[in-house]
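Shown next, in structure tokens, is the structure this report addresses.
The values are calculated or read from the model by the stated rules, or taken from the named source; none is laboratory data. No experiment lies behind these values; they were computed from the predicted model shown. Positions of Cβ are generated from backbone atoms using ideal geometry, with glycine treated the same way; all protein chains shown enter the neighbour counts. Surface accessibility is based on the protein's heavy atoms, side chains included, excluding ligands, DNA and RNA. Shrake-Rupley method; radii C 1.70, N 1.55, O 1.52, S 1.80 Å.
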Amino acid sequence: MDIKMILAEAIQAAAKKAIAEGVVQDGALPEVQLEVPPKKEFGDFASNFAMQSARTLHCNPRIVAAYVSEHLDCPYVDKVEIAGPGFLNFFLKPDWMYDMFAHIVEAGESYGNLPKASGEKIQLEFVSANPTGPLHVGHGRGAAVGSSLAALLKAAGYDVEREYYINDAGNQMNNLARSVNARYLELLGKPCEFPEDGYHGHDIVETAERIIKKYGGKYLQMDEADRLEEFKTLAYKEKLEALKEDLERFNVHFDVWFSEKTLHEAGKIREACDFLKAKGWAYEKGGALWLKSTEFGDDKDRVVIRDNGVPTYFAADIAYHTDKFQRGFDRVINLWGADHHGYIARMKAAMQCMGYKPEQLEILILQMVRLIRDGEEVKMSKRTGQTVTLNELIDEVGTDAARFFFVMRSIDSQLDFDLDLAKKKSNDNPVFYVQYAHARICSILRQVAEAGISVEGKGRYTLLTHPAEVDLIKKLGEYPELIATAARERAVQMVAHYVYELAGLFHTAYNQCRILGVEPDLQQARLALVLAVGHVVRHALGILGVSAPEKM
């Protein structure tokens, strides 16, 4: 039951009646915006509808407010007060809250899942790190946000597919092979020069060591070109498998792993470039093929085929995104790192050239992550002396804390990840605070079972009159709208904030309202409230990829 929708429709109906009766001039009515006031004395909901509609109805806002106040037909409204220039404050009868709570209890575990959204099929691509080394903490933020966003969109009723784009073609794979080759020769005591643009991570040494352990010096007898091809295949398979294992450990799963190589093999890149040229969006200059991206807001035209005939990464990305739309997706969402901000305009331009609407491609930019320990920034891995890996972060703080901390802040802001706080087993740690609320709920239910009390999940809900209980019920009632808004705004942090606030309200109610040993009807009503909170906490944590422990 959506009380805001019911109230908004009643307000619109009253305004239309005012127009029909000639109280105000005819005009378009704005959408009704309802907010929960900052103070309870201002009512359950407030709206500036009268001031917004006064512009189109050409009258004083208080005239609209007075008419709506006097003619509002909504069974749940107790009274309406007009404040200031025309704010409407609505005070509701308790009935609406208990009716809403009955709906919540009846929905059970499915509460928070919205009806299927109409039509739009979404593809969400995230992480997509090169398979040349381990994931670092920046990738971890993208993984947590991306997988949580996919779960959020699904809860909001959207058809979503999660995809990882494997950059397994191009120079980075050649550099991987050359790096492993150099370490292989070095470990076997053979003279070699490490490639200037090679990968210096300790994982490259470990890969070479594993090759030696399995194959010994077998590859020394091989021609270098053949050895490099062999090492490219071996290293790629190992890095990709390790990457998948790391993501699995982080509760991140993909529906599709898409190989860049398949674009080259199927001629998709040339096909896309030929299409651009045929449509007049690409031209030749200096032996290269250029996209007219400046005609769509880019700062300069971009090369898609180099003068040596080799496609650029940009050309591969054009072919890849075209392939996404050809697979039937109505909207494509990419999560990119902050260093890709300048790439947005040219990709949207390219998609427009390929015949798609630029708004069909949605690009979300993730800002950087700073790890903080003892008040100081942690820049380097203790093990390798390089960037801290996602695995090292999980080892230190655990998957639950890492994921919750990654999604607590808007992706638009840099994240300072407090390692000391993430490890605390206290209410200062937000993920502990939320999980402890769920563990408390499970403890109550265990006590109930041990006492032989049946939990009916129903009761006389009108007995739930304590302010802490009322606040908790109202908070539960906000959840579906929260899901819809967070999905629409691609704001997974809203789910984290909500479940943290819900946990706080539950802790308050737990401390102020005795559950067991009270009058039977009240006990059943309070147990129903406990069950409902447990459902929502699990649902929200499930979206965030965080576990809901039964004991702490």
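Structural remarks
- Using the 1.4 Å probe convention, the accessible area of the chain works out to 46 Å² per residue with neighbouring protein chains retained.
- Estimated at 0.36 nm per residue, the fully extended path between A449 and E196 surpasses their Cα-Cα distance by 84.4 nm.
- Accessible area of the chain belonging to carbon and sulfur atoms, whole % at 1.4 Å probe: 49 percent
- Dividing the convex hull volume of the alpha carbon atoms of the range 438-505 by its residue count gives 111 Å³ per residue.
- Applying 0.36 nm per residue to the separation of E209 and Y283 and subtracting their alpha-carbon distance, the gain on full extension is 21.8 nm.
- Here r is the Cβ-Cβ distance between D307 and M380 and R0 is 30 Å; the resulting FRET efficiency, rounded to 0.05, is 0.15.
- Cα-based helix-to-principal-axis angle, 137-155 vs the chain, degrees rounded to 10: 50 degrees
- Each other residue within a Cβ distance under 15 Å of E224 adds +1 if Lys or Arg and -1 if Asp or Glu, for a net charge of 0.
- Taking 15 Å as the straight-line reach from the Cα of K239, the aspartates and glutamates in range (excluding those fewer than 8 positions away in the same chain) are D168, D203, E206, E209, E230, E248.
- With contacts taken as Cα pairs under 8 Å at a separation of at least 6 residues, the chain carries a relative contact order of 15 percent.
- Cα-Cα over 22 Å, subset of K121/K348; K190/K214; K214/K261; K285/K357; K121/K277: K214/K261; K285/K357; K121/K277
- In the chain, the convex hull through the Cα atoms has an average projected area of 33.2 nm², a quarter of its surface area.
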